[in-house]
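S.K.: The structure under discussion is supplied below as structure tokens; questions concerning it will follow.
Bear in mind these aren't lab numbers, they're just calculated from the coordinates by the rules spelled out. Worth saying up front: this structure is predicted, and the values here are computed from it rather than measured. As a convention, Cβ positions derive from the backbone with ideal geometry for all residues, glycine included, and neighbour counts pool all protein chains shown.
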Amino acid sequence: MAAEKDKKDENEGEDQVPEKKKSSALKWIIIGVITVAVLGGGASAAFLLIKSGASADAKKPTEQPKPVATVFYPLDPYIVNLIDNEGERYLKVVMQLELSDPLVVEELNLVKPKLRDAILDLLSAKTYKEMMDPLGKQRLRDEILMRGNMYVTKGKVTKVYFTEFVIQ
């Protein structure tokens, strides 16, 4: 019996040794996977930080010009008779001028009566058909722009906006 016990003890010892080998091998595999995951995460984080730092450095040397604030100059409403063979037609226009520089506002205030007269002459010479055509309205904008720039020296009138345009 003692011999059988020794054999059983040896057999049990042999069974325990492979289990220890299996558990230690599994332990090393898990440690290896965790190590690879941590190193991969660290490497990707470092890459992203370096990449974002490089792009931030690349943006710094190129300074963009400061945006220029748009200056508008509102004009009083204009009501004029249109040239029409079929009857009396009226045009009511309210507009604003876009200016290139705030200094132009002071200059336009000084010549406001001259500018208003030039625009009134222009509007009263228009026909009903011209004002109903979209191209006619665009031509009117261009002509007002040209007349506005005749009175300005410190900058220029860059655009004309119609805020009201009524034909009756």
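S.K.: Take the alpha carbon gyration tensor of the range 71-167, find the square roots of its eigenvalues, order them as a ≥ b ≥ c, and report rounded if a/c is under 1.5; if not, report prolate when a/b exceeds b/c, else oblate. Intermediate results must be reported in sequence, preceding the final value.
M.R.: Details: a/c = 2.35, a/b = 2.04, b/c = 1.15.
Because a/c hits 1.5 or more and a/b exceeds b/c, the range 71-167 counts as prolate.
S.K.: Fewest Cβ neighbours within 10 Å first, please rank Ile167, Ile29 accordingly.
M.R.: Fewest-to-most Cβ neighbours within 10 Å comes out as Ile29, Ile167.
S.K.: Count charges around Val157 for me, please; just the other residues with Cβ under 15 Å from its Cβ, Lys/Arg as +1, Asp/Glu as -1.
M.R.: Numbers: positive: Lys112, Lys114, Arg116, Arg141, Arg147, Lys154, Lys156, Lys159; negative: Glu98, Asp101, Glu106, Glu107, Asp142, Glu143.
Net local charge, Val157 excluded: +2.
S.K.: Sticking with this structure for a sec: Quick one: net charge of Lys129's neighbours, Cβ under 14 Å, K/R +1, D/E -1?
M.R.: Cβ neighbours under 14 Å give a net charge of 0.
S.K.: When only DSSP loop residues count, what GluC sites (Glu not before Pro) in the range 82-136 have their Cβ near at most 10 other Cβ atoms within 10 Å? Intermediate results must be reported in sequence, preceding the final value.
M.R.: Details: sites: Glu86, Glu88, Glu98, Glu106, Glu107, Glu130; in loops: Glu86, Glu88.
Those that pass, being in a loop and sparsely packed, are Glu86, Glu88.
S.K.: Summing Lys, Arg as +1 and Asp, Glu as -1, what charge do residues with Cβ under 13 Å from the Cβ of Glu107 carry, Glu107 excluded?
M.R.: Local charge sum for Glu107: +2.
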